[in-house]
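Report on the following structure.
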Amino acid sequence: MKSSDTLQRFIFEHAAIRGELVHLDSSWRTVLDRHDYPPAVRDLLGELMAASALLSATLKFNGSIILQIQGTGPVSLLVVECTSERTLRGMAQWAGAPPPMPFPDLVGAGKFVITIDPRETGQRYQGIVSLEGDTVSEVLENYLLRSEQLDSRLWLAADPHQAAGMLLQKLPGRDAADTDMWDRATHLGATLTRQELLGLPANEIIRRLYHEEDIRVFDSETIQFHCSCSRQRVANALRLLGYAEVQSILAERSMIDVDCEFCNQHYTFDKVDAEQLFAAANSSPPVSSTRH
Ligand SMILES: [Zn+2]
């Protein structure tokens, strides 16, 4: 099987409809290499990763889109991030070994959180809604319709080797012809099988579904796994904890150990590092530190 991690955008030439297909291959397996996910958790994570890549194409600036499902069921957290440079990462937290069960049972009465993080301005946007839908696709469709007024259809699938998704979205400026085309496009989209979505190249899917329509296909974009964690970021987080807290951790053990949950990168800070953290931040240690 050819390795491919691609995002393929397309539009319907004579209707206000845009489409995208994403196929994650080695980027998805890189995520799976980091943790041993139970199949039920794995498939949700793969679907959400595919969705984040699809939604990243709507970013109009450099930055990232972060999708989170915060659950109250066996799955307590799914977090995926895709940047405007088409790098992505993802991770999940769960309890026990949940057997395959419907999505609403896996996540319970949770929340869906979407964060748009423009790198330059730092003006984060965050939307939080309750989880509405029987699948990851439905949760996203409901969010896009209710919060963004965007009529969208998503098809998502994941297995141990790949994750894939298709998005159709109705653009503003709808007339009767567009509505007809939208109905036809989504009906045809619904005929796509899970096997086709996972196994076929984007161009082949577009050809099979829409060979009778006038479709413009853009250049495909490459997607890859990348984790944005760094020693610097961990250091910033420790500074936020504060000098006293960091000292109290170091009073109990010789090192502060931090593992990145996205990529398993291991960071350690010893007592000297910890002193430097606060010296480098140019913040004088709080008074309490002089007590001992
Ligand atoms: Zn990392």
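The values are calculated or read from the model by the stated rules, or taken from the named source; none is laboratory data. What you are looking at is a predicted structure, and each value in this text was computed from that prediction instead of being measured. In this analysis, Cβ positions are derived from the backbone assuming ideal geometry, glycine residues included, and neighbour counts consider all displayed protein chains. For the accessible areas, the whole protein counts, side chains as well, though only heavy atoms, and no ligand, DNA or RNA atoms are used. Shrake-Rupley method; radii C 1.70, N 1.55, O 1.52, S 1.80 Å.
General remarks:
- The chain: Cys lacking any partner C-beta under 4.7 angstrom: CYS82
- For the stretch 39-117, the relative contact order is 36 percent, taking Cα pairs closer than 8 Å that sit 6 or more residues apart in sequence and dividing their mean separation by the residue count.
- Under 5 Å between amide hydrogens, built in the peptide plane, is the criterion, and for PHE225 it picks out SER27, LEU88 among residues at least 5 positions away or on other chains.
- Around the amide H of ASP151, modelled in the peptide plane, lie the amide H atoms of LYS170, all under 5 Å away and 5 or more residues distant in sequence or on another chain.
- Structure remark: mean-square fluctuation, Gaussian network model of the chain, C-alpha springs under 10 Å; the largest value among VAL31, VAL272, VAL79 belongs to VAL272.
- GLU120/PHE218 FRET efficiency (R0 25 Å; Cβ-Cβ; nearest 0.05): 0.50
- Whole-Hz Karplus values for the stretch 101-113 come out as 7, x, 3, x, 6, 5, 9, x, 8, x, 10, 10, 10 Hz, taken residue by residue from phi with 6.51 cos²θ - 1.76 cosθ + 1.60 and θ = phi - 60°; glycine and proline positions read x.
- Rounded tilt (10° steps) of 231-241 against the dominant C-alpha axis of the chain: 70 degrees
- Using the Karplus relation 6.51 cos²θ - 1.76 cosθ + 1.60 with θ = phi - 60°, the per-residue 3J(HN,Hα) values for the stretch 266-272 come to 10, 10, 10, 10, 8, 4, 5 Hz, with x marking Gly and Pro.
- Calculated log₁₀ intensity ratio I(q)/I(0) where the Debye formula runs over C-alpha points of the chain, q = 0.07, 0.09, 0.14 Å⁻¹: -0.32, -0.51, -1.04
- In degrees, nearest ten, helix 39-56 long axis to first principal axis of the chain (Cα): 80 degrees
- For the stretch 57-72, Karplus couplings with θ = phi - 60° (6.51, -1.76, 1.60), whole Hz, Gly/Pro x: 5, 8, 5, 9, 7, 6, x, 9, 10, 10, 10, 10, 10, 9, x, 10
- Residues of the chain: accessible area per residue with a 1.4 Å probe, Å²: 50 Å²
- Percentage relative contact order, the chain, counting C-alpha pairs under 8 Å, at least six apart: 22 percent
- Tilt relative to the chain, helix 136-148 - C-alpha long axis, 0 to 90 degrees, to 10: 90 degrees
- Accessible area of the chain belonging to carbon and sulfur atoms, whole % at 1.4 Å probe: 50 percent
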